[in-house]
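First comes the structure, then the notes that go with it.
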Amino acid sequence: MSVIDDLLAHNRHYVAQHGHRDLPTAPRLHLAVLTCMDSRLDLFGALGLELGDAHLIRNAGGLASEDSIRSLLLSQRLLGTLSVMVIHHTRCGLENFDEDELQNELASAFGERPPFRLGAYHDVDLDVAETVAALKASHFVDHTEIRGFVFDVDDGDLREVLGT
């Protein structure tokens with residue numbers, strides 16, 4: 001069996017245990033979280049979230065990409081979210097690699113550079129601040145409350161980046 005087959009078997013057990021739930025589409029806490037796709041981030045556990053509480057928008061690095069902004073726009077306009085948390089984390093795979101070097105390797109491998117930024121950075125606090133600033137600069141994102149944080153993957157601590 002493959003990993004996916006194992007997960008499907010788990011899902012059948014999950015359905016049998018949980019049955020039907022009638023959760024509303026709009027998040028209960030009116031919260032959207034832009035964060036990294038890293039598998040070490042258990043935001044439900046770390047923040048005490050339950051199903052239906054918040055929208056989690058994930059990509060490599062938790063970047064304020066075009067698609068993240070699209071997701072936040074829809075979350076806010078159609079589903080009533082009011083607050084946005086940006087959560088980056090320690091020991092991220094995007095930290096401390098050379099963007100241009102990898103872009104050049106990709107150009108050699110694929111015959112062209114990707115048309116998007118990969119998201120390399122060297123200072124997690126600065127990266128959080130830049131992401132928050134990019135969201136606040138977008139006229140597609142309501143910036144009533146946008147705050148930035150760093151999640152420590154080793155101990156689970158969530159630290160606010162001041163000035164965001």
Only one of (1) within 11 Å of the chain's Cα centre (by Cα); (2) exposed (fewer than 14 other Cβ atoms within 10 Å of the Cβ) does not apply to ILE87, and that is (2)
Those residues of region 145-164 which are modelled with pLDDT of 95 or more and assigned to a loop (DSSP other than H, G, I, E, B) amount to ASP152, VAL153, ASP154, ASP155, GLY156, ASP157, VAL161
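Return the total of residues in region 1-41 being of a type in the set (Asp, Glu) and in contact (Cβ under 8 Å) with a residue 12 or more places away in the chain. Step through it out loud before you land on a result.
Residues of region 1-41 that are of a type in the set (Asp, Glu), as a first pass: 5-6, 22, 38.
From what is left, the residues that are in contact (Cβ under 8 Å) with a residue 12 or more places away in the chain are 38.
Number satisfying all stated conditions: 1.
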Of all helices (runs of 4 or more DSSP H) fully inside region 1-104, the set with 2 or more residues that are among the aliphatic types (A, V, I, L, M) and closer than 23 Å to LEU126 by Cα is 43-47, 66-79
Answer yes or no as to whether ALA26 is touching a helix residue (DSSP H, G or I) at 6+ places or on another chain (Cβ under 6 Å) and surrounded by fewer than 20 Cβ atoms within 10 Å (Cβ to Cβ).
-> yes
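Suppose we keep only residues that are out of contact with any helix residue (DSSP H, G or I) (no Cβ under 7 Å at 6 or more places or on another chain) and crowded, with 19+ Cβ neighbours inside 10 Å within region 48-62. Which one would you say is nearest to THR144 (Cα to Cα)? Step through it out loud before you land on a result.
Step one: of region 48-62, the residues out of contact with any helix residue (DSSP H, G or I) (no Cβ under 7 Å at 6 or more places or on another chain) are 48, 50-54, 58, 60-61.
In the following step, the residues that additionally are crowded, with 19+ Cβ neighbours inside 10 Å were identified as 54, 61.
Details: ALA54: 16, GLY61: 23 Å.
Step by step, filter region 48-62, then rank; the result is ALA54.
So how many residues does region 53-83 have that are of a type outside the set (Lys, Arg) and more than 22 Å from GLU95 (Cβ to Cβ)?
We begin by selecting, within region 53-83, every residue of a type outside the set (Lys, Arg); these are 53-57, 59-69, 71-76, 78-83.
Filter once more, so that each one left must be more than 22 Å from GLU95 (Cβ to Cβ): 53-55, 66, 69, 71-76, 78-83.
So the count comes out to 17.
The values are calculated or read from the model by the stated rules, or taken from the named source; none is laboratory data. Computed from a predicted model, the values in this text were never measured in an experiment. Because the Cβ atoms are built from the backbone with ideal geometry, glycine has one as well, and the counts that use them run over all protein chains shown.
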